[in-house]
1. Give me a comma-separated list of calculated 3J(HN,Hα) values for the range 242-249, in order, Karplus coefficients 6.51, -1.76, 1.60 applied at θ = phi - 60°, integers in Hz, x for any Gly or Pro.
2. Using a 1.4 Å probe over the heavy atoms of the protein chains, calculate the carbon and sulfur portion of the accessible area of the range 1-145 as a whole percent.
3. Given H placed 1.01 Å from N in the peptide plane, which residues other than close sequence neighbours of G128 have an amide H under 5 Å from its amide H?
4. In a Gaussian network model over the chain where Cα atoms closer than 10 Å are linked, find which of E77, E357, E277 has the largest mean-square fluctuation.
5. Go through the range 192-206 residue by residue and turn each phi into a ³J(HN,Hα) via Karplus (6.51, -1.76, 1.60, θ = phi - 60°); whole Hz please, and just put x for glycine and proline.
6. Lys and Arg at +1, Asp and Glu at -1: add these up for the other residues within a Cβ distance under 9 Å of P76 and post the number.
7. If you keep only loop residues by DSSP, which GluC sites (Glu not before Pro) in the range 127-188 have at most 16 other Cβ atoms within 10 Å of their Cβ?
8. Which whole-Hz couplings ³J(HN,Hα) result when phi for each residue of the range 159-168 is put into the Karplus expression 6.51 cos²θ - 1.76 cosθ + 1.60, θ = phi - 60°, listed in order with x for Gly and Pro?
Amino acid sequence: MSCRVIVGAQWGDEGKGKIVDLLSEEADVVARYQGGPNAGHTVCFGGQTFILHLIPSGILRPRTRCYIGNGVVLDPEALRTEREAVEKGGIDVTGRLFVSGSAHVILPDHKVIEKASESGAVPIGTTGRGIGPAYTDKAGRVGMRVVDMLDPAVREARLRALRERTLRLVGERAAVAPIEDVLARAERDAEMLRPLVVNVSLEINDALTAGKRVLLEGAQGTHLDLDHGTYPYVTSSSAAAGGACTGVGVGPTRIQEVIGVAKAYATRVGHGPFPSELSGAMADRLREEGREYGATTGRPRRCGWFDAVALRHAARVNGLTSLVITKLDVLDSLDEVSAVVAYTVGPNGRRLTEMPESLTDLEAVTPEVETFRGWKKSTTAARHWEDLPPEARHYLDRLEAMIGVPIRLVSVGSGRDENVVRQAARRPAPTAGR
């Protein structure tokens, strides 16, 4: 038996979809443990591109059993649309995709509430898909779970109660669908979900006991985690590795590996502090070279250099056992590449090697940057560590030393096979690098 967790080590959009798909070849079970349809995991193979929002990326492996865990907030309409798109692409999901009965449901009124909140004085920069309000109802103990959707009396009572709250929050003249339409849609959604509902915690624990290989897939990234991210500019769930335990119902002693995924540079979508952010020509160049536009929203991403301070934070709160670096090839044409190694803050230039908890301090930091000579050649054909240019290997070695976590895999393209696997025996032990 083995249980691995895949977690984003930056602000999301690190390329987790490709890595989950790659590691799913070795997995019997893949489960998504948090987030909602705001996530967009992109996988390219066989001349096709699949963008998955709710369905685990392991669905593209024909023998893998996939689960949407209780930590996810589920939009039934989004799931229906996504399932149809996957099946249209030639992927049979019958008998392979299941949903936790304890997962909470995103309802039409949640989207109305979120849209109203984003029009306020301090927007967070959400995707407007109702995810925050659904998690709010979950925490407030008034949410609708999938099992509640299956009970007509409970379903109607919860929907009518939510409508009352919606009108109190956004006003009687709010542009909401008639409650009768919402009730009818919920009935259709319930019948769509009914054959998919299982006890995910029980099934995954049984799989582990039977010696199966389990992969737990996170969405967003560590710095968007509700507790350990750049609050309040965060998501509404536990995007860090700890969310894997609560999000599918397994104990921490079941987990053997926590694999962090990070780009060779950094991006962020929406508002909030981003210490390594670039502007001008270099930001535009990274955005275009890396095609840095949201898979779910199409929004352009803010771009910056790799931030080793942010990665050390991610390594600590997740307990990372290894690291995957993606999109190294995006840097191939640059004369120089840089990485943030520390911050300075305050009038006396106090030097920080860990992220401050204070949002005010984090927004005021000045990044301390280390610059490296670029390799000025394509890395896309590399498959072994020795195939990478010496300058690229030096850059990766330095990142590993600063973070203190071994880099096991480097992605050098969007294709399934465009990767460099780094064998542990060939790599010197990393140092703290602080």
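The values are calculated or read from the model by the stated rules, or taken from the named source; none is laboratory data. Treat the numbers as computed from the prediction; the structure is a model and nothing was measured. Cβ sites come from the backbone with ideal geometry, for glycine too, and all protein chains shown count toward neighbours. Keep in mind that these areas ignore ligands, DNA and RNA; they rest on the heavy atoms of the full protein, side chains included. Shrake-Rupley method; radii C 1.70, N 1.55, O 1.52, S 1.80 Å.
1. Each residue's phi maps through the Karplus curve to give x, x, 5, 5, 6, x, 10, x Hz.
2. Details: 2590 of 4910 Å².
Using a 1.4 Å probe with all protein chains present, the range 1-145 comes out at 53 percent carbon and sulfur.
3. HN-HN under 5 Å from G128: empty list.
4. Residue with maximal mean-square fluctuation among E77, E357, E277: E357.
5. 5, 7, 3, x, 9, 7, 9, 7, 5, 4, 5, 5, 5, 5, 5
6. With Lys, Arg at +1 and Asp, Glu at -1, the net is 0.
7. Details: sites: E156, E164, E172, E180, E187; in loops: E172.
Listed in order of number, the matching sites are E172.
8. Result, rounded to whole Hz: 5, 5, 5, 5, 4, 4, 5, 4, 5, 5.
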